[in-house]
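Working notes, structure below.
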Amino acid sequence: MKPGSRAVHAGYRKAARAPLSPPIVQTSVYVYDSLEDYDAVARGEIPGHYYARTSNENVAMLAEAVAELEGAEAGVATSSGMAAIAVAITALAPRPCPIVAPLDLYGGTWVLFRQELEPIGYSVRTVDFRDLDAVAGAIEGAGLVVCETITNPLVRIADLEAIGRLAAERGLPVLVDNTFATPVLCRPLELGASMVVHSATKYIGGHSDLTAGVAVGSREQVRAAAQRASRLGTTLGPFEAWQLAEALMEAPGVSGVHYPTLPGSAQEELARRLLPDGAGGMLAVQLDGGRAAVQRLLDRLGMVTFAASLAGVETTISHPEVTSHRYLTPEERAGLGIHPGTVRISAGIEEAEDIVEDFLQALGD
């Protein structure tokens, strides 16, 4: 079964006389009449639920569906993507250790490292993940590798196969954030990842109307992540993007366009190898004129709107300087290639011609 069909059916086993659409189980606690039965469920010896902070039928369906799509043994759903990252990191590296991460890691994950993990003893080694020699040097003596399939906001690609091999040679687990690619375009577990996380708020939700996260991996890893989620209370269009990127390359006031499969892109070959079905619906654009040019663009756009999140059915634009990477210093942002004129675009499912036309008229004189 192809990924698109699996996405329709994953996570819910339909039986005779059962509802076709899964019902919402609106309860915080479950009734038992046997101490032994409750104890067996609480120990995980038999399937079931006893308290919604630990598990719930609907939450379990979501986790099972994403696990199935990623080719994982199990999954746990959380209250947000950041919660999924936090419980996955501490499941794979339960004691403080050096963590190797890319320089251009998502800003929210950076804040987690700096403000939550470093104060309790973790350390972070950052390198350019496009330089595999640098990655090989950084992971010596480390305890965990964290990376993203496609980075936010500059849509750079990590060579997950090569990174997985380097980590495996040293016995290190690898955690991959697959939010931008989704399991439709990439399945990192097949490329050497130990666990995969998603902000389900984005493409998995797809309608900008929910907040959730999912972490998937082996049953043992997911059990450890689920225990942390319970204790912490955190339980829960690619073609259009390419067409827009091509059009914006020639638009006035645009000094650069970042999309992995653009002709001449430094990562074009890697993108076509790791993401043969497309490089996702995200792209980044560098505008001449800095923040003032960004505001002018926002003022002139008609159909496209500004929003700090991404991956809904509608096309949106964001400004990393004031949203995802606001907690970095200007020097740190510049070092990552994020400038005052950088905008991130999430291509929706409107007609590609309408998306392109809106941007071109907004960028025109």
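The values are calculated or read from the model by the stated rules, or taken from the named source; none is laboratory data. Because the structure is predicted, anything quoted here is derived from the model rather than measured. Note: ideal-geometry Cβ built from the backbone for every residue, glycine included; neighbour counts use all protein chains shown.
Couple of notes before you dig in:
- Ala292 fulfils the conditions (1) modelled with pLDDT under 85; (2) assigned to a helix (DSSP H, G or I) except for a single criterion, (1).
- Looking across His339, His319, one residue alone is more than 20 Å from the chain's Cα centre (by Cα) and not small (Gly, Ala, Ser). It is His339.
- Looking across the range 307-346, the residues that are aliphatic (A, V, I, L, M) and touching a strand residue (DSSP E or B) at 6+ places or on another chain (Cβ under 7 Å) come down to Ala307, Ala308, Leu310, Ala311, Ile317, Val343, Ile345.
- Candidates Leu191, Leu248, Leu210 - the one that is more than 17 Å from the chain's Cα centre (by Cα) and not small (Gly, Ala, Ser): Leu248
- Only listed residue being of a type in the set (Phe, Trp, Tyr) and under 20 Å from Arg187 (Cβ atoms), chosen from Phe129, Phe113: Phe129
- Scanning the range 215-251 for residues that are at pLDDT 85 or above and in contact with an Asp or Glu (Cβ under 9 Å, 6 or more places away or on another chain), we see that the one that is farthest from Val184 (Cα to Cα) is Glu220.
- Annotation: Ala168 fulfils all but one of (1) buried (at least 24 other Cβ atoms within 10 Å of the Cβ); (2) more than 24 Å from Gly107 (Cβ to Cβ); the unmet one is (1).
- Only listed residue being modelled with pLDDT of 80 or more, over 26 Å from the mean Cα position of the chain (by Cα), part of a helix (DSSP H, G or I) and loosely packed, with under 11 Cβ neighbours inside 10 Å, chosen from Glu45, Glu36: Glu36
- Members of the range 190-209 found to be crowded, with 24+ Cβ neighbours inside 10 Å and under 16 Å from Ile89 (Cα atoms), listed by number: Ala193, Met195, Val196, Val197, His198, Ser199
- Of all residue pairs spaced 6 or more apart or on separate chains, those with beta-carbon atoms under 8 Å, a first member in the range 338-354 that is within 26 Å of Ala292 (Cβ to Cβ) and a second member that is basic (Lys, Arg) and assigned to a helix (DSSP H, G or I) are His339/Arg333; Pro340/Arg291; Gly341/Arg291.
- Leu363 falls short of the stated requirement of being under 16 Å from Thr151 (Cα atoms) and of a type in the set (A, V, I, L, M).
- The strands (runs of 3 or more DSSP E) found wholly in the range 69-128 and carrying at least 1 residues that are among the polar types (S, T, N, Q), at negative phi and touching a strand residue (DSSP E or B) at 6+ places or on another chain (Cβ under 7 Å) occupy 74-78, 123-127.
- Unique residue being surrounded by fewer than 20 Cβ atoms within 10 Å (Cβ to Cβ) and either touching a His at 6+ places or on another chain (Cβ under 6 Å) or assigned to a loop (DSSP other than H, G, I, E, B) (or both) when the list is Arg273, Arg326: Arg326
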